[in-house]
Amino acid sequence: MKTKQLQDPFGRKIDYLRISITDRCDFRCIYCMAEDMTFLPRKDVLSLEEITRLTRIFVDLGVSKVRVTGGEPLIRNDALVLFQQLGGIEGLDELCLTSNGSQLVEKALPLVKAGVNRINISLDTLDSERFRTLTRHGKLDKVLAGIDAAIAAGFDRIKLNAVLMKNYNLDEAADLAKFALERGIDISFIEEMPLGEITSHARDVEFISSQDVRDLLSEHFTLKADSFNTGGPSRYWSAEGYDSKIGFISPHSENFCASCNRVRVTATGRLLLCLGNEHSVDLRDLMRSSDDDRLVQAAIVRAITIKPEKHEFNLEEAPQIVRFMNTTGG
Ligand code: SAM
Ligand code: SF4
């Protein structure tokens, strides 16, 4: 039962939690991870019970939307059990998942049955060779079949996420949009963020702004700004003749911090107040040291008072944020 509503010092209501349930992944996307990664020891990662307990505490504090992410959430053993537990939390209006799609053929339907309302699936290219280059390990066919399985399973809403890079996949922006719109699902194009040190490419060289992508798409679609809003950072546009939407997540070119309604919890139970800043508070040790939820609640309420006003990303400098997106919980 909700007893409070979290609000930060800038008057922003915090009603959206993104929680990473693992830093591990079956892919190594070039913008997200280094080729060789050292993953967390299991004992440092929150247990399924701890994740459920923490989510319940957040819901009690006014959170109504939770997105489970990672790493790849579906490679965690018993992930489905977790979704069943989360799906049963009273007061949680939206249970969402972000996945790379590699396991959706088997898991899409059980996820819907567990109560997952919405799913975001990452897809940066429709070319299998390129898919291999971008993910280092992934198989495109498997993911495309996973997308079909997700459509058949009946989620309330499905969105594709594509990180666009000038010399890797920008030329596929219109094809990716068409792929989504023709299936009646949304797609968001994401500007790459400087999270973690990578060697595969220079992030500033690959950068393409959302406006440039819109200009490019306008050669193929008649686009119109749309007021559609899912409570996330995407700003949506409609394409004439289609029902689903094209979104843009523009951390560099169209800062979305003023309407930020979210916080993140890492796989180790660290509460991150902002994607682009290091402000954080450890909740795991507190949870492990006491069964009293009121102590955890009080720690969260205190933590919200240090939520920064906004992020400042600079692609030309060495990354100020050394953690990779898989640790952050994208
Ligand atoms: N493994 C799942 C997936 O790929 O959808 C969930 C975790 S992943 C970190 C979540 C999202 O973050 C994906 O859509 C991915 O494309 C995006 N992402 C990862 N690294 C990024 C970066 N450096 N800049 C922008 N988006 C990034
Ligand atoms: Fe894995 Fe998702 Fe990161 Fe790709 S973006 S490496 S699928 S966590």
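Tallying residues that are open to solvent by less than 10 Å² (accessible area, probe 1.4 Å) and not polar (S, T, N, Q) within the stretch 90-105 yields 5.
Of all the criteria given as (1) aliphatic (A, V, I, L, M); (2) open to solvent by 10 Å² or more (accessible area, probe 1.4 Å); (3) away from ligand 1 (no atom under 16 Å from the Cβ), the one not satisfied by Ile14 is (2).
Would you mind stating whether Leu140 is at pLDDT 95 or above, among the aliphatic types (A, V, I, L, M) and in contact with a Gly (Cβ under 8 Å, 6 or more places away or on another chain)?
no
Residue-wise test of (1) more than 14 Å from ligand 2 (Cβ to nearest atom); (2) on the phi > 0 side of the Ramachandran plot.
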residue	(1), (2)
Gly11	yes, yes
Ile30	no, no
Asp36	no, no
Asp44	yes, no
Leu61	yes, no
Ser64	yes, no
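Please go through the stretch 32-68 and give me each residue that is out of contact with any helix residue (DSSP H, G or I) (no Cβ under 9 Å at 6 or more places or on another chain), touching a residue at least 60 places away in the same chain (Cβ under 8 Å) and among the acidic types (Asp, Glu), ordered by number. Within the stretch 32-68, just Glu35 meets the criteria.
Would you confirm whether any residue within the stretch 200-212 is of a type in the set (D, E, K, R), within 16 Å of ligand 1 (Cβ to nearest atom) and closer than 29 Å to Val66 by Cα? So far as the stretch 200-212 goes, no, none of its residues is of a type in the set (D, E, K, R), within 16 Å of ligand 1 (Cβ to nearest atom) and closer than 29 Å to Val66 by Cα.
What residue, among those in the stretch 207-248 that are part of a loop (DSSP other than H, G, I, E, B) and of a type in the set (Val, Ile, Thr), is surrounded by the fewest Cβ atoms within 10 Å (Cβ to Cβ)?
Among those residues, the one meeting the criterion is Thr222.
Only residues that are in a loop (DSSP other than H, G, I, E, B), of a type in the set (A, V, I, L, M) and surrounded by fewer than 17 Cβ atoms within 10 Å (Cβ to Cβ) were counted across the stretch 37-88, and they come to 2.
Taking the stretch 128-138 as the search range and keeping residues that are without any contact (Cβ under 8 Å) to a residue 60 or more places away in the chain and surrounded by 15 or more Cβ atoms within 10 Å (Cβ to Cβ), which one is farthest from ligand 1 (Cβ to nearest atom)? Break it down into steps so the answer makes sense when it comes.
If we filter the stretch 128-138 for residues that are without any contact (Cβ under 8 Å) to a residue 60 or more places away in the chain, which is where we start, we get 128-132.
Narrowing further to those that are surrounded by 15 or more Cβ atoms within 10 Å (Cβ to Cβ): 130-131.
Details: Arg130: 14, Phe131: 13 Å.
The qualifying residue farthest from ligand 1 (Cβ to nearest atom) is Arg130.
With respect to being within 11 Å of ligand 2 (Cβ to nearest atom), under 12 Å from Ser20 (Cβ atoms) and either of a type outside the set (Phe, Trp, Tyr) or part of a helix (DSSP H, G or I) (or both), Gly101 falls outside the description.
Among residues that are surrounded by 15 or more Cβ atoms within 10 Å (Cβ to Cβ), of a type outside the set (Gly, Ala, Ser) and more than 22 Å from Asp226 (Cβ to Cβ), Phe179 is not included.
For the stretch 15-31, state whether one or more residues are out of contact with any helix residue (DSSP H, G or I) (no Cβ under 9 Å at 6 or more places or on another chain) and in a loop (DSSP other than H, G, I, E, B). Taking every residue of the stretch 15-31 in turn, at least one turns out to be out of contact with any helix residue (DSSP H, G or I) (no Cβ under 9 Å at 6 or more places or on another chain) and in a loop (DSSP other than H, G, I, E, B).
The values are calculated or read from the model by the stated rules, or taken from the named source; none is laboratory data. A quick note: this is a predicted structure, and the numbers were derived from the prediction, not measured. Positions of Cβ are backbone-derived with ideal geometry, glycine not excepted, and every protein chain shown enters the neighbour counts. Calculation scope for accessible area: heavy atoms of the full protein, side chains included, ligands and nucleic acids excluded. Shrake-Rupley method; radii C 1.70, N 1.55, O 1.52, S 1.80 Å.
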